[in-house]
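One structure is given here, and the rest of the page talks about it.
Where a number appears in this text, it was derived from the coordinates with a stated rule and is not lab data. From a predicted model like this one, the values you see are computed outputs, not experimental measurements. For neighbour counting, all protein chains shown are included, and Cβ atoms are generated from backbone atoms with ideal geometry for every residue, glycine included.
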Ligand code: NDP
Ligand code: 7N6
């Protein structure tokens with residue numbers, strides 16, 4: 001099919017340097033441009049974007065620079081027949097490392113020492129608090145690129161990894177698989193529960209008061225997926241009542257997390273500002289995906305990572 005132009009929508013600038021992203025397409029045989037809102041598109045245009053815009057439905061193909069495409073209305077793309085692709089497949093290392101960093105910090109109290117460092121305090125925590133993650137059980141909910149990136153690293157660090165997904169294909173590094181319907185049983189014995197499933201009607205609110213209740217009182221919740229998977233009110237209640245030991249959260253119901261949120265204030269909660277994929281190579285990783293699909297689009301082949 002004809003492709004005359006690859007448009008990089010300015011919203012990509014919230015997550016990566018626009019100029020470096022443009023340069024990553026230097027040797028592409030199609031015109032590459034940075035565009036703003038209200039740009040007129042034709043079927044000979046492709047768009048890569050962080051956020052959705054209504055006018056993208058006029059283009060020939062749209063690429064979401066995120067793995068989670070929950071902000072895009074897939075039905076609208078299907079109705080007009082414009083292919084939508086996402087960026088799954090590149091976040092195993094980045095988000096995997098973040099999740100392992102969370103677990104090591106929570107287990108060995110790095111975050112508490114850093115808190116005290118501000119006051120030059122030689123902090124001596126309670127003897128019972130620190131533990132090794134080796135030998136502890138991790139339950140990973142969602143076992144795609146991100147979930148497997150976490151599972152593989154946890155296994156290498158000596159953890160016992162179980163997981164939750166709908167299909168029952170075995171997953172490397174995961175000793176036992178549970179169906180989403182058995183979530184309570186899956187989390188019940190875990191020291192850490194890590195969320196790595198997409199935000200869909202089925203996963204929204206999956207971590208509710210009942211699941212938090214089913215978790216051990218010395219367990220930690222990690223969310224590197226999407227805020228709405230967790231009932232944030234129920235999580236705050238569980239943290240206040242100390243029915244779980246803590247949490248590490250990269251994503252929230254509302255982002256940026258409002259200054260008024262109690263989540264900022266817990267010593268045993270690590271808050272990171274949705275930076276799971278943030279490294280100095282993100283623009284390269286995305287460009288590689290987009291370039292492959294530019295090739296496929298022009299060759300009339302089916303697009304990689306097509307989600308609508
Ligand atoms: P994938 O599509 O590779 O994996 C998603 C996994 O979730 C699949 O294994 C799928 O398996 C499973 N899944 C789907 N529905 C359910 C369900 N109801 N219960 C349990 N598991 C389910 O996506 P990625 O791994 O690339 O990304 C996962 C999500 O992580 C993204 O959608 C995004 O929201 C988030 N993300 C966050 C980042 C950050 O910066 N914090 C960075 C990258 C991703 P099956 O079909 O067998 O159920
Ligand atoms: C950074 C977005 C995703 O879904 O939210 C994450 O991939 C990261 C562009």
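Return a whole-number percent for the relative contact order of the chain, with Cα pairs under 8 Å and 6 or more residues apart as the contact set. Mind dumping the intermediate values first?
On the way: 577 pairs, mean separation 51.6, N = 308.
The value is 17 percent.
On C-alpha positions alone, give me the angle between the axis of helix 282-299 and the longest principal axis of the chain, in degrees, nearest 10.
Orientation of helix 282-299: about 40 degrees from the principal axis.
May I ask for the angle, rounded to the nearest 10°, between helix 145-156 and the longest principal axis of the chain, with both axes built from Cα atoms and the value confined to 0 to 90°?
40 degrees
How far is helix 92-108 tilted off the main Cα axis of the chain, in degrees rounded to 10, range 0 to 90?
The helix 92-108 is inclined about 20 degrees to the chain.
How many angstrom lie between the C-alpha centres of the range 241-289 and the range 8-42?
That distance is 27 Å.
What is the order of 231, 189, fewest Cβ neighbours within 10 Å to most? List each step's numbers first, then the result.
Numbers: 231 20, 189 15.
Going from least to most buried by this count: 189, 231.
Distance between Cα centroids, the range 210-231 to the range 156-191: provide it in whole Å.
Comparing the Cα centres of the range 210-231 and the range 156-191, I get a distance of 15 Å.
Picking from 120, 296, 129, which is most flexible by a Gaussian network model of the chain using Cα springs under 10 Å?
Comparing 120, 296, 129 in a Gaussian network model of the chain, the most mobile one is 120.
With viscosity set to 0.890 mPa s and temperature to 25 °C, compute the Stokes-Einstein D of the range 161-276, Rh being the Kirkwood radius across alpha carbon pairs; µm²/s, no decimals. Please list the in-between numbers first.
Values: Rh = 14.4 Å.
D = 170 µm²/s.
Report the label-to-label distance for residue 117 and residue 175 in nanometres (one decimal), using points 7 Å from each Cα along the Cα→Cβ vector.
About 3.4 nm, to one decimal.
Out of every Cα pair in the chain, what percent are spaced more than 25 Å from each other? Please report the intermediate quantities before stating the final value.
Numbers: 24930 of 47278 pairs.
Distances greater than 25 Å cover 53 percent of the Cα pairs.
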